[in-house]
Amino acid sequence: MSGQSTYQPRSRFMQWMEARLPVMGLVHSSFVAYPTPRNLNYWWTFGGILSFMLVVQIVTGIVLVMHFTPHVDMAFNSVEHIMRDVNYGWLLRYLHSNGASMFFLACYIHMFRGMYYGSYKEPREVLWILGVIIYLLMMATGFMGYVLPWGQMSFWAATVITNLFSAIPIVGDPVVTWLWGGYAVGNPTLQRFFSLHYLLPFAIAGVVVLHVWALHVVGQNNPTGIEPTSDKDTLPFTPYATVKDAFFLAMFAIVFAWFVFYIPNYLGHPDNYIPANPGVTPVHIVPEWYYLPFYAILRAIPNKLLGVIALFSSIAILAFLPWLDTSRVKSANYRPLYRQFFWLFVIVCVGLGWLGSKPAEGGYVIASRLLTAWYFLHFIVVLPLLGFIEKPRALPMSISESVLKGKGAAALLAAIVLAGLAGFARPATAAEQVAPPRVNWSFAGPFGNYDRAQLQRGFKIYREICQSCHSLSLLSLRNLGETGGPDFSPPQVASIAAEYKVKDGPNDQGEMFERAGRPADRFPAPFPNEQAARAANGGALPPDLSVIAKARGYERGFPWFVIDAVTQFQEHGPDYIVAVLTGYADPPANFKLAAGAAYNRYFPGNAIGMPKPLSDGIVTYTDGTPQTADQYAKDVTAFLMWAAEPHLEARKRIGFQTMIFLIVLAGLLYFIKKKVWSHLHDHA
Amino acid sequence: MSSAGPTRRDFLFVATGAVGAIGAAATLVPLIAQMNPDSSTVAAGAPIEVDLAPITQGQAIKVFWRGKPIYIEHRSKSEIEAARNVDVASLPDPQADQARVKAGHDQWLVVIGICTHLGCIPIARQGDFGGFFCPCHGSHYDTSGRIRQGPAPANLAIPPYAFLSDSKIRIG
Ligand code: FES
């Protein structure tokens, strides 16, 4: 089955070259003449899609590293620097962060396809095991990448995952200390994760080469699971598989672009827009969606060591799949029983993922245990037994004779995977929290834009009310004049800037001094340090407002979070902020309010440290907008949304162009694919 | 099908190739643009003001603008004369001293202190012509910052600047 080199160089130079370094011959035999089974369906295009995603991740990653600073004091801000200041930095970073999710999505489809069609069976055991190794490397890489932005979720993910190793008897603690390079997760941890996060993708690329090599030795499996017997059963890779792969890659890119341009934070977690704080763990910490099933397995076991063992075995067991499955028939299309168990297994995996996003309490734990048990039973009991019990359907004599089936199943798989993906996205938050009312935002939806006048009014509120306690440390005064924002004119920006007092120095006498602000300055903070801010605010720290609109949210619950991915509802944060700003009320009779706190209907726990900030008429509008607390709240929130996402307008504009482009490209590729293959259907 | 094939199919291939090429080119835009100065760097490159009052005759100071060292020299009478008593046409990079300073402020020489050879920083008031001497490969500049001897091809560059008053300039 290995590609035989039929490549005949035409030019004299290429003949000379080929006799010395037969690269073209290798390419030709691997990607042109390479025979592929003629009955491959679209599930076989995910190998190509995965290669594409690996390239996307490496390219965007290399670029991000040019601007990222791996240091605990600077990592978070340097990511924000990328998002705000670097040319197209927001695009590159959203491509990379969503690219990781797309990479795993494609990987899971690829793996389930292998399981459904028995692609791990003889002679493809090594091919499969190499795939499991790639998957393991991907998990390590993805985890370490998630740590780099050094938000709250980054920090606590690093803490929890490294602590898994503390379960090892005797040497556990020294091992964890060694992993950290300190007595807790800290700067040495961040720096080594950064180093390894850069290294591992190249290790993945190396194993991918082996994976493809192994594939080209044994040849591709196919939906019938029987090996090609004659030339009639196969087609040359180019053009047949190439156009098919290209078409489906374009389709996949549309999904990718949807996430990047329209719902870039959908798969992330608001808490990761809060800088890492070693003193406070977020109430619900959850890993990225692609680790959730394993997280559920970990939490299902009440014993620390056994939980960790279960977690690692659930991945390791995949490597033994070729020998656990005793049936000699590969494709589930001909295995009526296995087929049902396969789908049950898919549902169990998705279910575990859903449970992983839920708090570890009550019924969720029981359900996690049941599903975990089934996960292992599937491998250890069901698969070995099925080979003996099951009576497979008659296999076709050859591939060319077979008829394609299973399209319904394919659609079902897609639906389940997508629903699962969406389901993982938003983990539960405190149940007692009341959902904020929806606000109509001008910046919502695929064509949403900021309302300039509203941003200017919102800035006025910030300046006259919020600024006395809240910093806006990631923004510079010059941002007020940049396109896509409040759009103040340069003289306006200069005069606004001049009203701020900025600390500068030291001067020639070695002293710090105050001067009028300049557009290039950052917004000065109201307090010199955290302690001063706390002291002035009764012990509570007024949070920085730079990314607050992305750092807050609320749970939408099923089925809304699925619908949100389609309707592009992304304004959880702004809705929540408006609700909190206007949600002050008298506490119910039985509610004990701590001294200095106020009652707020929408704040988690209801006791908020911030006194009611807005009331009717406290800020004067000159453009005739009603001077109500409601209006103030909306205006300042719109301003804060811009502060958190200053390139939203460019994102949506470029997103629209990209979508049009991809749809045209996919359409053209579809017609090419039809042309190329129609020729075949005529004569086959 | 195949009889109508060739032209239709060719068109399809060409169109797809063209669209793909546009996509590839568009993808390169952000990848290239990200290496240009980001907006914080651009903002930090705004003009600066320098007070000349403390600089006595015969003294030179170095300030930084956009990461480049700028020499500001308060030249003496004899230095100005030395710079002007030269046959301009005989210079490697002919330029009159008058063209390198602001009229009425002839004593002030403001140059970017980067050797035009390969970018080292020349030392002020050194070398055979009393102006600048670049130790890297031995370029000599005169009191007007013009190249006189050595491998550098051009005179020291003049940054954009203007006098706000007799004792204050804005660079940039
Ligand atoms: S860099 Fe100055 S002489 Fe070469």
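So is B:Gly131 within 23 Å of B:Asp51 (Cα to Cα), within 15 Å of the ligand (Cβ to nearest atom), assigned to a loop (DSSP other than H, G, I, E, B) and more than 14 Å from chain A (Cβ to nearest Cβ) or not? No: the conditions fail for B:Gly131. Would you confirm whether or not segment A:631-641 contains a residue that is assigned to a loop (DSSP other than H, G, I, E, B), hydrophobic (A, V, I, L, M, F, W, C) and in contact with a Lys or Arg (Cβ under 9 Å, 6 or more places away or on another chain)? No: segment A:631-641 contains no residue that is assigned to a loop (DSSP other than H, G, I, E, B), hydrophobic (A, V, I, L, M, F, W, C) and in contact with a Lys or Arg (Cβ under 9 Å, 6 or more places away or on another chain). When each of B:Ala83, B:Ala96 is tested for being away from the ligand (no atom under 16 Å from the Cβ) and crowded, with 19+ Cβ neighbours inside 10 Å, the lone residue that passes is B:Ala83. Residues of segment A:497-520 being over 19 Å from A:Cys469 (Cα atoms) and not small (Gly, Ala, Ser), which ones? Passing the criteria: A:Asp504, A:Pro506, A:Asn507, A:Asp508, A:Gln509, A:Glu511, A:Met512, A:Phe513, A:Glu514, A:Arg515, A:Arg518, A:Pro519. Select from segment B:30-53 the residues that are of a type outside the set (Asp, Glu), in contact (Cβ under 8 Å) with a residue 40 or more places away in the chain and either touching a Gly at 6+ places or on another chain (Cβ under 9 Å) or surrounded by fewer than 15 Cβ atoms within 10 Å (Cβ to Cβ) (or both) and list them in ascending order. Result: B:Gly45, B:Ala46, B:Pro47, B:Ile48, B:Ala53. Residues that are in contact with a strand residue (DSSP E or B) (Cβ under 9 Å, 6 or more places away or on another chain), without any contact (Cβ under 8 Å) to a residue 12 or more places away in the chain and within 14 Å of chain B (Cβ to nearest Cβ) within segment A:506-538 comprise just one, A:Asn507. When the test is whether a residue is within 14 Å of chain B (Cβ to nearest Cβ) and among the charged types (D, E, K, R), A:Lys675 passes it. A count restricted to segment A:165-192 and to residues that are in a helix (DSSP H, G or I), closer than 16 Å to A:Val147 by Cα and touching a residue at least 60 places away in the same chain (Cβ under 8 Å) stands at 3. When you check A:Val329 against the structure, is it more than 20 Å from A:Arg113 (Cβ to Cβ) and in contact (Cβ under 8 Å) with a residue 24 or more places away in the chain, yes or no? So A:Val329 fails the test.
Against the test of being assigned by TED's automatic domain parsing to the domain that holds B:Asp97, among the β-branched types (Val, Ile, Thr), over 23 Å from the mean Cα position of the chain (by Cα) and surrounded by fewer than 15 Cβ atoms within 10 Å (Cβ to Cβ), the options B:Thr7, B:Thr56, B:Thr27 yield a single qualifying residue, B:Thr56. Condition (residue is more than 11 Å from the ligand (Cβ to nearest atom), more than 14 Å from every other protein chain (Cβ to nearest Cβ) and surrounded by fewer than 20 Cβ atoms within 10 Å (Cβ to Cβ)) applied to segment B:139-154: is it met by at least one residue? Checking segment B:139-154: at least one residue is more than 11 Å from the ligand (Cβ to nearest atom), more than 14 Å from every other protein chain (Cβ to nearest Cβ) and surrounded by fewer than 20 Cβ atoms within 10 Å (Cβ to Cβ).
Of all the listed residues (A:Ala597, A:Ala585, A:Ala644, A:Ala650), the sole one being surrounded by fewer than 18 Cβ atoms within 10 Å (Cβ to Cβ), out of contact with any Pro (no Cβ under 8 Å at 6 or more places or on another chain), away from every other protein chain (no Cβ under 14 Å) and of a type in the set (Gly, Ala, Ser) is A:Ala585. Each residue in segment A:323-371 was checked for being of a type in the set (Lys, Arg) and assigned to a helix (DSSP H, G or I), and 2 pass.
Is there a residue being within 16 Å of the ligand (Cβ to nearest atom), among the aliphatic types (A, V, I, L, M), loosely packed, with under 15 Cβ neighbours inside 10 Å and part of a loop (DSSP other than H, G, I, E, B) anywhere in segment B:115-122? Looking for residues that are within 16 Å of the ligand (Cβ to nearest atom), among the aliphatic types (A, V, I, L, M), loosely packed, with under 15 Cβ neighbours inside 10 Å and part of a loop (DSSP other than H, G, I, E, B), one finds at least one in segment B:115-122, hence yes. In segment B:114-137, the residues that are in contact (Cβ under 8 Å) with a residue 24 or more places away in the chain reach residues that are within 8 Å of the ligand (Cβ to nearest atom) and among the hydrophobic types (A, V, I, L, M, F, W, C) with C-beta atoms within less than 6 angstrom, at least six apart or across chains, in these pairs: B:Cys115/B:Cys134; B:Cys115/B:Ala152; B:Thr116/B:Ala152; B:His117/B:Ala152; B:Pro122/B:Cys115; B:Pro122/B:Cys134.
The values are calculated or read from the model by the stated rules, or taken from the named source; none is laboratory data. As the structure is a prediction and not an experimental result, all values here were calculated from the model. In this analysis, Cβ positions are derived from the backbone assuming ideal geometry, glycine residues included, and neighbour counts consider all displayed protein chains.
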